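A short worksheet on the structure shown next.
Please treat every number below as a calculation from the coordinates, not as lab data. For clarity, every value in this text was computed on a predicted model and none was experimentally measured. Glycine also receives a Cβ, built like all others from the backbone with ideal geometry; neighbour counts cover every protein chain displayed.
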Amino acid sequence: MKLEPKLEPVALLVLLVTLAWQASAPSALTYIPCDTQGRGLFADTCYGIRLLPDGRSMSATCATDGSMSRFRANNGFNLDRHIGNFDGRLLVVLDCAPNTALPIYDVACDFSRHCRNARLDVLHPSELAPNGTEMRSRATAYLYADCPGPDGRFMANQLNLNPYITNKRGTLKWTCRQ
């Protein structure tokens, strides 16, 4: 007598979804890019912008009004919520979800878990752009990190955070919209 393995319907569904997910390349995962809708520019009204030791959060002290006379501290602004490593490139997406049992439906960013040597630098209007060719007209905050590509080699990245984060009355907010 020959015994044949039997799969329950739920286990079969999970197996099929997992196989379909594994068959797709990481770049084939669907993600929704961040549409900034012309907002951002937090670096113009914030100071003390820095990456925290956890490597995934930043802090900044931001003006609460247009007169730049009152400020509010922002500690632990989570960059992992919208920034991920996609095939070795730092990209900003609408929203990132944690991994679940059905990973094909989630985009888990967590750039800080995958990338190394992360740092955050603020360039002021009088400084040269990172490519060295132009002067900045606004303050700009850049996130730098080395991220693994599909072949496992680490690639240097720079991401201008200024279009994606805004200062709303002293509180940092993501500008991403659907």
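Between amide H atoms placed 1.01 Å from N, distances below 5 Å from residue 109 occur with 97, all of them 5 or more places distant or on a separate chain. The slack in the chain from residue 121 to residue 87, taken as 0.36 nm per residue of separation less the alpha-carbon distance, amounts to 9.9 nm.
Paramagnetic label reach from residue 35 (point 7 Å along Cα→Cβ; backbone nitrogen cut-off under 14 Å): within the stretch 136-178, residues 175-178. Annotation for residue 95 and residue 47: the two label points, set 7 Å from Cα along the Cα-Cβ direction, are 3.6 nm apart.
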